[in-house]
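Peer 1: A single structure is presented below for examination.
The values are calculated or read from the model by the stated rules, or taken from the named source; none is laboratory data. Quick caveat, the model's predicted, so the values are computed rather than measured. Ideal geometry is used to build each Cβ from the backbone, glycine not excepted, and the neighbour counts take in all protein chains shown. Heads up: the accessible areas ignore ligands, DNA and RNA and are worked out on the full protein's heavy atoms, side chains in. Shrake-Rupley method; radii C 1.70, N 1.55, O 1.52, S 1.80 Å.
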Amino acid sequence: MKGPTESFPVAANRELGNAQLRSNLGNATSTIRAKRARVVEELPDWEALRDAGSAIKADVLANLDTYLLQFEQALTAAGATVHWARDGAEACAVVAEVARAHGADEVVKVKSLTTDEIELNATLAAQGIHALETDFAELILQLDGDWSSHILVPAIHRNRTEIRDLFQRTIAPDITSDEPGVLAEAARVYLRERFLNAKVGVSGANFGVAETGTLCVVESEGNGRMCTTLPPVLVSIIGIEKLVPSFADLEVFLQLLPRSSTGERMNPYTSLWTGVTEGDGPQELHVVLLDNGRTRVLEDEVGRQALHCIRCSACLNVCPVYSRTGGHAYGSVYPGPIGAILTPQLIGIENAPSLPFASSLCGACYEVCPVKIDIPRVLLHLREKSVDAVGGRTERAAMSGVGWVFGRAWRLRLAQRIGRVLQRPFVRDGVIRRLPPPLSAWTDSRDLRPIAPAHPSDENSGNDDE
Amino acid sequence: MKLGLFSTCVADTMFPDAVRATASVLERLGHEVVVPREQTCCGQMHLNAGYRRDAQPLADRFVATFAGFEAVVCPSSSCVGTIRELYPQLLGIDNQITERVFELSEFLVDQLGVEDLGAAYPHRVTYHPTCHSLRVTKVGDAPLRLLRNVRGLELVELPDATECCGFGGTFSLKNAATSSAILADKCQSIESTGAEVCTALDGSCLLQIGGGLSRGGDRARAVHIAEILASR
Amino acid sequence: MSDARSQILDRIRTATGGAAAPPESRREYRHHDERSHAERVELFCERVGDYQAEVKRVHRDQLRAAIRNALKRHQAKRVAIPASFPQAWLSPSVEFIHDQGLTARELDGFDAVVTGCSVAIAETGTIVTTGGQYEGRRLLSLVPDLHICIVSESQIVGLVPEALAQVQLLVSRQRRPLTFISGPSATSDIELERVEGVHGPRKLVVLVVGEENP
């Protein structure tokens, strides 16, 4: 999995300058947030559903080996072929092999973060196989060589006229209108023919049921149904953490996911298939169980709750950081608060050390998470790991210095006094407008309240300690 | 009651009037208030920045300083949140005193059952609920109940009130551009209310909001809630 | 690949070994709907309507006419139906073609499809098909542009857990594929503006059949 190539503050700085991104993202996040709030409020048992979702996921992780074996057995009995992949390369190799075996130079794909994570499209392309994205937004991005900025609405940073122009250059030369309905129709016409001809479909899965071997894809457009029913061969790649123990457990997640994700009571289409059904849908099914860093996440008792994630994107929409910077700043297919805790764990903290700091710790993500991932708690945990792994010497020294000052009351008083002297040249009309680096990071955009002339902790009678 | 007042490093250094106001509100209600000289910082910054081990002695120091009080009151919900939630979670401190640390407004309303302090503050005021007060300390509507009983105070609702101000401790420096972008929207919301004063429970957030309002030449000022509640 | 299998399982066991057992899952959410039958049917119709689907309540005796009228309203001439669809519902004036192994490409030339369902969920306005004899294969209700779905009032349950309980055995014993349908296909990918109809049927008509005159 690819990690960020630059630190979050650097990437965020650039993204913050993109006015269109800021405005589209602001609108999108606030709209979806309001929709979510409405449909969540409607359910009297929302908190009980969250509790159940969280407990089911904790059970899955604690007994993951058992559930995976059960899943494998059920799938095999249902006529599927099960593959295990330690990393992305092994998973991609399965897809390539299946495509080659059926003489397919194109596969049709359901939108899937897991396949993005393992860079399936690029890997297949290198072997002469085109992986066609069929989700509307993913198709737009693929046609333009762009990448996703939001888990749910990946092309939210693009406007209708840009998309119209893109379609003119690519799939619909005669298109003139930029109405979303017309653009969607163009994609429908373009993809319909490809669906009808497809030999191999590729999907991820939102859930896999250990008990029955059932796979589940939740979607809106119908491209997921097309990819999982029309081609004679289907390969489904599923992260090992996506299991639920029993079929009945889906009753929890099929309530939590749509309401948290799109803010709908239910998404338009949910497909559940159990192996191969004679005369209906693909007659050859391959299921790839993907590790790719997940067992590494599992090792961390605090951090493993990130594997509860059902990819709803509710945390993105409420995050003050994400809703300003957008997904690209996170340099990973998993953006936002969940990305800030998942990416560093999947690829190693040393490869994404700035991500756990990309948060004001406001806690809004935890509040909306349908499976109760305590994201702020994991952020703190990963910050400590980041500091231990790659913490800068200057910061370390500064923190130790501040710790030393706070270690005795007299030192704090002394520091307050010294600070009062040092700030003198900078105070104008009762505020500080400019400070030298590194404190200029504050004063570049904000005034600073100066240190006060006297301090309450120094106003009591008594001797200083020690 | 004999109350310890934890002034917090930020308020002690930059918002001393908020600490004095906290003491005076509590004393007027007949309590004995002590501001121990030995206090420094709860360790929040270190805990939040990934320096847990450096926070340990500060937490131990807090516990030792305040162990003898019936309750500890503090004009900062994020420090209270740190002590009540993070001390047990991250530092293994499961001391009785951590459960008796309260933010001022929740102490007044939930512990003492007082909502009218006889305060007067003839200004148009908007209230920013800080993230820690909403989601960690969970003070609920205690601050609003108190503000509604202040004579002459016109309380105006803040649009998108529950949005973060962008402070986030070291986040405000490490991710200064993002922090400022979040702050800009908060300042705009405050200005849209036409308020003269934006109040909150946390000095740190007020440092951020006040800095933004002042830099933007905005009409509103940032004032700690304790100062409003102590006004006569 | 067996090597990958044992290595992944080993890593999992090492990672979770010795970990404390997680708390037992609590299931304190609603499992049974407390609404009356009439309220439930009413709610289902309202919620399906929220998805911009057409909802019509019809008496059992009027079903045949209702199907015919819906097809006429949408100018649907070539209409596919599952292989064993009840003859009684078929109006002789319409060209109904039974799905005896139609290919997807053949289906693409159809204007509409009429199917039944297995269970419907009031609270979410969802129809669940399970490949039963009135529902047919999955591609049937996917490829044509208009889907007319017949829901009997008695098939409507209140809650998601009630619906799953009803179809559970079809999955665990017969491995039947399920499709949950909540309104027509839709996308909000461009500037969050909702467009009905991308790849699945652009129109969904739900006929709710009861014993009483609506």
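Peer 1: Examine the stretch A:362-382 for a residue that is within 11 Å of chain B (Cβ to nearest Cβ), surrounded by 24 or more Cβ atoms within 10 Å (Cβ to Cβ) and outside any helix (DSSP H, G or I), and state whether such a residue exists.
Peer 2: The answer is yes; a qualifying residue exists.
Peer 1: Filter the stretch A:263-305 down to residues that are facing chain C (nearest Cβ under 8 Å), open to solvent by less than 10 Å² (accessible area, probe 1.4 Å) and assigned to a helix (DSSP H, G or I) and give me whichever is nearest to A:GLU41 (Cα to Cα).
Peer 2: Only one residue fits best here, namely A:LEU298.
Peer 1: Look at the stretch C:69-103 and say how many of its residues are more than 21 Å from C:ARG137 (Cα to Cα) and in a strand (DSSP E or B).
Peer 2: Total satisfying the criteria: 0.
Peer 1: If I go through the stretch B:22-34 residue by residue, how many of them are facing chain A (nearest Cβ under 10 Å) and crowded, with 22+ Cβ neighbours inside 10 Å?
Peer 2: Looking only at that region, the number is 2.
Peer 1: In addition: Note down all Cβ pairs under 6 Å where the first residue falls in the stretch B:196-225 and is at pLDDT 95 or above, the second is of a type in the set (Phe, Trp, Tyr) and open to solvent by less than 40 Å² (accessible area, probe 1.4 Å), and they're at least six residues apart or on different chains.
Peer 2: Close Cβ pairs (under 6 Å, with a partner that is of a type in the set (Phe, Trp, Tyr) and open to solvent by less than 40 Å² (accessible area, probe 1.4 Å)) amount to B:THR199/B:TYR127; B:GLY203/B:PHE15; B:SER204/B:PHE167; B:CYS205/B:PHE167; B:GLN208/B:PHE167; B:HIS224/B:PHE15.
Peer 1: The conditions are (1) more than 9 Å from chain B (Cβ to nearest Cβ); (2) surrounded by 24 or more Cβ atoms within 10 Å (Cβ to Cβ); (3) touching a residue at least 40 places away in the same chain (Cβ under 8 Å); (4) small (Gly, Ala, Ser), and A:GLY331 fails exactly one of them. Which is it?
Peer 2: (2)
Peer 1: Does C:ARG27 satisfy the criteria of being free of Cβ contacts under 8 Å to residues at least 40 places away in the same chain, of a type outside the set (A, V, I, L, M) and buried (at least 16 other Cβ atoms within 10 Å of the Cβ)?
Peer 2: Numbers: free of Cβ contacts under 8 Å to residues at least 40 places away in the same chain: yes; of a type outside the set (A, V, I, L, M): yes; buried (at least 16 other Cβ atoms within 10 Å of the Cβ): yes.
So C:ARG27 fits the description; yes.
Peer 1: Right, another one. A:ARG169 is checked against (1) open to solvent by 30 Å² or more (accessible area, probe 1.4 Å); (2) without any contact (Cβ under 8 Å) to a residue 60 or more places away in the chain; (3) within 16 Å of A:SER112 (Cβ to Cβ) and fails just one. What number does that condition carry?
Peer 2: (3)
Peer 1: So, in the stretch B:101-125, exactly how many residues are farther than 17 Å from B:ALA142 by Cβ and under 17 Å from the mean Cα position of the chain (by Cα)?
Peer 2: Result for the stretch B:101-125: 0.
Peer 1: Return yes when A:SER220 is facing chain C (nearest Cβ under 8 Å), open to solvent by less than 40 Å² (accessible area, probe 1.4 Å), closer than 28 Å to A:ILE129 by Cβ and among the hydroxyl-bearing types (Ser, Thr, Tyr) and no when it is not. Before the answer, list the steps.
Peer 2: Details: facing chain C (nearest Cβ under 8 Å): yes; open to solvent by less than 40 Å² (accessible area, probe 1.4 Å): yes; closer than 28 Å to A:ILE129 by Cβ: yes; among the hydroxyl-bearing types (Ser, Thr, Tyr): yes.
In short, yes.
Peer 1: Out of B:ASP94, B:ASP17, which single residue is of a type in the set (Asp, Glu) and within 17 Å of A:GLU459 (Cα to Cα)?
Peer 2: B:ASP17
Peer 1: Okay, moving on. With the structure loaded, tell me whether A:ASP300 is of a type in the set (Asp, Glu) and either free of Cβ contacts under 8 Å to residues at least 24 places away in the same chain or under 29 Å from A:THR76 (Cα atoms) (or both) or whether it fails that test. Full working, then the answer.
Peer 2: Numbers: of a type in the set (Asp, Glu): yes; either free of Cβ contacts under 8 Å to residues at least 24 places away in the same chain or under 29 Å from A:THR76 (Cα atoms) (or both): no.
When the stated conditions are applied, A:ASP300 does not pass them.
Peer 1: Would you point out the residue of the stretch C:164-188, among those that are part of a helix (DSSP H, G or I) and more than 8 Å from every other protein chain (Cβ to nearest Cβ), that is farthest from A:THR277 (Cα to Cα)? Can you show your working first?
Peer 2: The initial filter retains those residues of the stretch C:164-188 that are part of a helix (DSSP H, G or I), namely C:164-172.
Narrowing the set further to residues that are more than 8 Å from every other protein chain (Cβ to nearest Cβ) leaves C:166-167, C:169-170.
Details: C:GLN166: 20, C:VAL167: 16, C:LEU169: 15, C:LEU170: 12 Å.
Per the criteria, the residue is C:GLN166.
Peer 1: Filter the stretch A:95-110 for residues that are open to solvent by 60 Å² or more (accessible area, probe 1.4 Å) and in contact (Cβ under 8 Å) with a residue 40 or more places away in the chain and give the result.
Peer 2: Correct list: A:HIS102 only.
Peer 1: Same structure, new question: Within the stretch A:47-59, does at least one residue satisfy the condition of being open to solvent by 10 Å² or more (accessible area, probe 1.4 Å) and over 29 Å from A:ILE375 (Cα atoms)?
Peer 2: No: zero hits.
Peer 1: Still on this structure, please answer the following. Given (1) within 14 Å of the chain's Cα centre (by Cα); (2) in contact (Cβ under 8 Å) with a residue 60 or more places away in the chain, identify the lone condition not met by C:ARG137.
Peer 2: The failed condition is (2).
Peer 1: On to the next question. Out of (1) modelled with pLDDT of 95 or more; (2) in a loop (DSSP other than H, G, I, E, B), the odd one out for C:GLY200 is which?
Peer 2: (1)
Peer 1: Under the condition of being of a type in the set (Asp, Glu) and part of a helix (DSSP H, G or I), which residue from the stretch B:22-63 is farthest from B:PRO88 (Cα to Cα)?
Peer 2: We begin by selecting, within the stretch B:22-63, every residue of a type in the set (Asp, Glu); these are B:27, B:32, B:38, B:54, B:60.
Imposing the further condition that a residue be part of a helix (DSSP H, G or I) reduces the set to B:27, B:54, B:60.
On the way: B:GLU27: 30, B:ASP54: 16, B:ASP60: 12 Å.
It comes out as B:GLU27.
Peer 1: If we keep just the residues of the stretch B:169-201 that are touching a helix residue (DSSP H, G or I) at 6+ places or on another chain (Cβ under 8 Å), open to solvent by less than 20 Å² (accessible area, probe 1.4 Å) and among the hydroxyl-bearing types (Ser, Thr, Tyr), which is nearest to B:HIS224 (Cα to Cα)?
Peer 2: B:THR199
Peer 1: Do you know which residues across the stretch C:48-65 are within 14 Å of another protein chain (Cβ to nearest Cβ), part of a helix (DSSP H, G or I) and buried (at least 16 other Cβ atoms within 10 Å of the Cβ)?
Peer 2: C:VAL48
Peer 1: Name the helices (runs of 4 or more DSSP H) wholly inside the stretch A:1-80 in which the number of residues that are within 23 Å of the chain's Cα centre (by Cα) and in contact (Cβ under 8 Å) with a residue 12 or more places away in the chain is 2 or more. Spell out how you get there, then give the answer.
Peer 2: On the way: elements: A:8-16, A:19-41, A:46-62, A:64-77.
It comes to A:8-16, A:19-41, A:46-62.
Peer 1: Among the numbered criteria (1) at the interface with chain B (Cβ under 7 Å from one of its Cβ atoms); (2) in a helix (DSSP H, G or I), which one does A:ALA389 miss?
Peer 2: (1)
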